[in-house]
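Asker: To start, I am sharing the structure in question, which I have written as structure tokens.
The values are calculated or read from the model by the stated rules, or taken from the named source; none is laboratory data. Fair warning: this is a prediction, and the values are worked out from it, not measured in the lab. Cβ sites come from the backbone with ideal geometry, for glycine too, and all protein chains shown count toward neighbours. Protein only, heavy atoms only, side chains kept; ligands, DNA and RNA dropped before computing areas. Shrake-Rupley method; radii C 1.70, N 1.55, O 1.52, S 1.80 Å.
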Amino acid sequence: MTPLTPCARCKQHVTRRGVTWPEGFVCRRCYQRATRIRGRCSGCSTERLLPGRDSLGQSICTTCAGILQDLRCSRCGDEDEPFRRGLCARCCLKDELSELLADRTGDIHPRLKPIFDGLTTQNNPRSAIIWLRNPHVLRLLGGFADGSLPISHETFQSYPSQRTATHLRDLFAKHGILAPVDKYMVAFEQWLENKLADGPSYDPLGLLKKFSVWHHLKRLRAISENRPLPEGTMAAARQEITVAANFLEWLHIHGKAAGDCQQADIDLWLSTGPTTRSLARTFVRWCISKQHIPSVNFPYRIARTTPMLSNDQRITHLRQLLESSDIDLCICVAAALLLLYAQPVTRICSIRMDEVSISVDGLEIRFGKDWVPVPEPFAELIREYASNRPNMNTASNSHSNWLFPGYAPGKHMHAQSVMRGLRKIGINLQGARNSALRELVLEVPPAVVAEMFSYHAATAERHAQAAGATWSSYPALRDDG
């Protein structure tokens, strides 16, 4: 039986795979952690690798720690954990990529040079080496380099492994090799093509296709031209098209064409099915405007209840963000912006760093036209998070301008993943937004709230009335001043 040796750092008894330093035997895991610490040595004040420890447990350099092992790369001279044959991980990564991305002349393909530079200069080259073990990554990059695959969006779109292809395409767009593509727009177009592939027998006039193309597709493309298409906007369009198809099929089952639809049919459709049937309203109104359906009244669906947290519940959640050490800092910041400023998660995820102002005078965030101050101690929470944002150590988002950088190149965090994190700590998302908005309109006139926090004026006014805010005299007070 292999004898076990105690590690001087983690105190675990392990098989003797590691190194012996002045402090004693250091296991392989602790050795790897130690050789990835960089900063200013507390012993000699130099900026370098800090694998050693002093008597107080502070990280120090090899010279101060008396470590004789040479941790310098034999090629570039950088101090790092030897990755392969005395070379650091970055030099090994350069070797692998130089071979993989070489064209028929033996040099790196000119169009792939930005990918080479981006991957080899990222903070964590080891992650790129592991990523290059993916056979799909090797097949795509190798095909682009040798010319067997064209460097185009079509190649990525038709590739069997869409997860790998989407990530790599985003990386190509981030580094300027391909024009940026809106993945939600692409997903919607593919879904719509499949949805309309065979015109249904219950829609001989092709109303569903016309509605989908001329109302939704046209509108979504216009949005996508100016900014990334929000996932929720795409999902809402898909649901409205699906419900419109169900409505046409329902009319067909009842022996009617769209042109025969009467008010009684609308009433029966709404009263005999789930509440999602109300989503057919957009389609019916579009049909009326195009004179495909006679003029009928299709009412808005009015929610019977409004989710709402009590102010005590909201304050309890805010206190939890400051006191709990078990909540991810990213989720803490997102929760604070939700509970303090009634910001929807989709908007929180898309906050840019240039919309966050950190100075000696405090911290401010811009949600709408104006800068909004963030009170302490939540400002300190955001400062701490902003100084160490996640997903910044790879080529994907090494210079990201998002407050919440995502895993995908150039993208912010997915709203659904943040929502899951918020729900996990017990926050009712809609109730939290409504509660925070009610508090805001009690403190500030609704018109000002709408402008500061990017809400529709009617929405802010409705919450002010529900909260019993008495701002009707506000303009007069302003005039008197």
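Asker: Condition first: crowded, with 20+ Cβ neighbours inside 10 Å, in contact (Cβ under 8 Å) with a residue 12 or more places away in the chain, within 15 Å of the chain's Cα centre (by Cα) and in a helix (DSSP H, G or I). Can you find one or more residues in segment 350-365 that meet it?
Answerer: no
Asker: Note down all Cβ pairs under 6 Å where the first residue falls in segment 25-43 and is more than 17 Å from residue 78 (Cα to Cα), the second is modelled with pLDDT of 90 or more and surrounded by fewer than 15 Cβ atoms within 10 Å (Cβ to Cβ), and they're at least six residues apart or on different chains.
Answerer: That search, which allows pairs on different chains as well, returns 30/10; 42/58.
For every residue, the table says whether it meets (1) of a type in the set (Val, Ile, Thr); (2) within 15 Å of residue 346 (Cβ to Cβ); (3) assigned to a loop (DSSP other than H, G, I, E, B); (4) modelled with pLDDT under 85.
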position: 399; (1), (2), (3), (4): no, no, yes, yes
position: 418; (1), (2), (3), (4): yes, yes, no, no
position: 427; (1), (2), (3), (4): yes, no, yes, no
position: 432; (1), (2), (3), (4): no, yes, no, no
position: 435; (1), (2), (3), (4): no, no, no, no
position: 442; (1), (2), (3), (4): no, no, no, yes
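Asker: Being under 27 Å from residue 190 (Cβ atoms), touching a residue at least 40 places away in the same chain (Cβ under 8 Å) and surrounded by fewer than 18 Cβ atoms within 10 Å (Cβ to Cβ): is that true of residue 231 here?
Answerer: Values: under 27 Å from residue 190 (Cβ atoms): yes; touching a residue at least 40 places away in the same chain (Cβ under 8 Å): yes; surrounded by fewer than 18 Cβ atoms within 10 Å (Cβ to Cβ): yes.
It is true that residue 231 is under 27 Å from residue 190 (Cβ atoms), touching a residue at least 40 places away in the same chain (Cβ under 8 Å) and surrounded by fewer than 18 Cβ atoms within 10 Å (Cβ to Cβ).
Asker: Go through segment 278-315 residue by residue and tally those that are closer than 21 Å to residue 438 by Cα, open to solvent by less than 50 Å² (accessible area, probe 1.4 Å) and part of a loop (DSSP other than H, G, I, E, B).
Answerer: From segment 278-315, those closer than 21 Å to residue 438 by Cα are 302-315; that's our starting set.
When the remaining residues are screened for being open to solvent by less than 50 Å² (accessible area, probe 1.4 Å), the result is 307, 309, 314.
Those left that are additionally part of a loop (DSSP other than H, G, I, E, B): 307, 309.
Of the residues in that region, 2 qualify.
Asker: Looking at segment 206-217, is at least one residue under 30 Å from residue 256 (Cβ atoms) and within 27 Å of the chain's Cα centre (by Cα)?
Answerer: Among the residues of segment 206-217, at least one is under 30 Å from residue 256 (Cβ atoms) and within 27 Å of the chain's Cα centre (by Cα), which makes the answer yes.
Asker: Test residue 268 against the criterion of being surrounded by 15 or more Cβ atoms within 10 Å (Cβ to Cβ), assigned to a helix (DSSP H, G or I) and of a type outside the set (Phe, Trp, Tyr), and give yes or no. Show your work before the answer.
Answerer: Values: surrounded by 15 or more Cβ atoms within 10 Å (Cβ to Cβ): no; assigned to a helix (DSSP H, G or I): yes; of a type outside the set (Phe, Trp, Tyr): yes.
For residue 268, the condition - surrounded by 15 or more Cβ atoms within 10 Å (Cβ to Cβ), assigned to a helix (DSSP H, G or I) and of a type outside the set (Phe, Trp, Tyr) - is not met.
Asker: Right, another one. If the Cβ limit is 9 Å and pairs must be 6+ apart or interchain, which residue in segment 446-458 that is closer than 10 Å to residue 342 by Cβ and at pLDDT below 75 pairs with which residue that is assigned to a loop (DSSP other than H, G, I, E, B) and among the aliphatic types (A, V, I, L, M)?
Answerer: 449/342
Asker: Where residues in segment 316-341 are more than 17 Å from residue 356 (Cβ to Cβ), part of a helix (DSSP H, G or I) and out of contact with any Gly (no Cβ under 9 Å at 6 or more places or on another chain), which of them is most open to solvent (accessible area, probe 1.4 Å)?
Answerer: The extreme case among them is 323.
Asker: Checking the condition open to solvent by 20 Å² or more (accessible area, probe 1.4 Å) and of a type outside the set (Val, Ile, Thr), which residue from 125, 135 passes? So that I can check it myself, show each step before the final result.
Answerer: On the way: 125 fails: open to solvent by 20 Å² or more (accessible area, probe 1.4 Å).
It is 135.
Asker: Moving on. In segment 176-190, which residue that is open to solvent by 50 Å² or more (accessible area, probe 1.4 Å) and on the phi < 0 side of the Ramachandran plot is modelled with the highest pLDDT?
Answerer: Step one: of segment 176-190, the residues open to solvent by 50 Å² or more (accessible area, probe 1.4 Å) are 176, 179-180, 183, 189-190.
Pick out the ones that are also on the phi < 0 side of the Ramachandran plot and you get 179-180, 183, 189-190.
Details: 179: 88, 180: 84, 183: 80, 189: 91, 190: 87.
Applying the filter and picking the extreme gives 189.
Asker: Just give me the residues in segment 409-438 being in contact with a Ser or Thr (Cβ under 7 Å, 6 or more places away or on another chain) and open to solvent by less than 30 Å² (accessible area, probe 1.4 Å), in sequence order. First the steps, then the outcome.
Answerer: We begin by selecting, within segment 409-438, every residue in contact with a Ser or Thr (Cβ under 7 Å, 6 or more places away or on another chain); these are 409, 412, 415, 434.
Those that are in contact with a Ser or Thr (Cβ under 7 Å, 6 or more places away or on another chain) and open to solvent by less than 30 Å² (accessible area, probe 1.4 Å): 409, 415, 434.
Asker: Residue 196 is checked against (1) within 25 Å of residue 406 (Cβ to Cβ); (2) open to solvent by 30 Å² or more (accessible area, probe 1.4 Å) and fails just one. What number does that condition carry?
Answerer: Residue 196 satisfies all of (1) within 25 Å of residue 406 (Cβ to Cβ); (2) open to solvent by 30 Å² or more (accessible area, probe 1.4 Å) except (1).
Asker: Please identify the pairs in which a residue from segment 197-222 that is among the β-branched types (Val, Ile, Thr) has its Cβ atom under 9 Å from the Cβ atom of a residue that is assigned to a loop (DSSP other than H, G, I, E, B), counting only partners at least 6 apart or on another chain.
Answerer: The qualifying pairs are 213/196.
Asker: I need every pair where a residue in segment 97-118 that is more than 10 Å from residue 146 (Cβ to Cβ) has its Cβ under 9 Å from the Cβ of a residue that is part of a loop (DSSP other than H, G, I, E, B) and among the acidic types (Asp, Glu), sequence separation at least 6 or different chains.
Answerer: These pairs meet every condition: 98/107; 110/103; 112/103.
Asker: With the requirement that a residue be buried (at least 19 other Cβ atoms within 10 Å of the Cβ) and either farther than 13 Å from residue 337 by Cβ or within 16 Å of the chain's Cα centre (by Cα) (or both), what does segment 366-388 give you?
Answerer: Scanning segment 366-388 gives a single hit, 385.
Asker: Next up: How about segment 234-261: which of its residues are open to solvent by 50 Å² or more (accessible area, probe 1.4 Å) and not in a helix (DSSP H, G or I)?
Answerer: Passing the criteria: 254, 255, 256, 257.
Asker: Still on this model: Can you tell me how many residues within segment 151-165 are surrounded by fewer than 14 Cβ atoms within 10 Å (Cβ to Cβ) and hydroxyl-bearing (Ser, Thr, Tyr)?
Answerer: 2
Asker: Which of (1) open to solvent by less than 70 Å² (accessible area, probe 1.4 Å); (2) under 23 Å from residue 233 (Cβ atoms); (3) of a type in the set (Val, Ile, Thr) is the odd one out, the single condition residue 275 does not satisfy?
Answerer: Failing condition for residue 275: (1).
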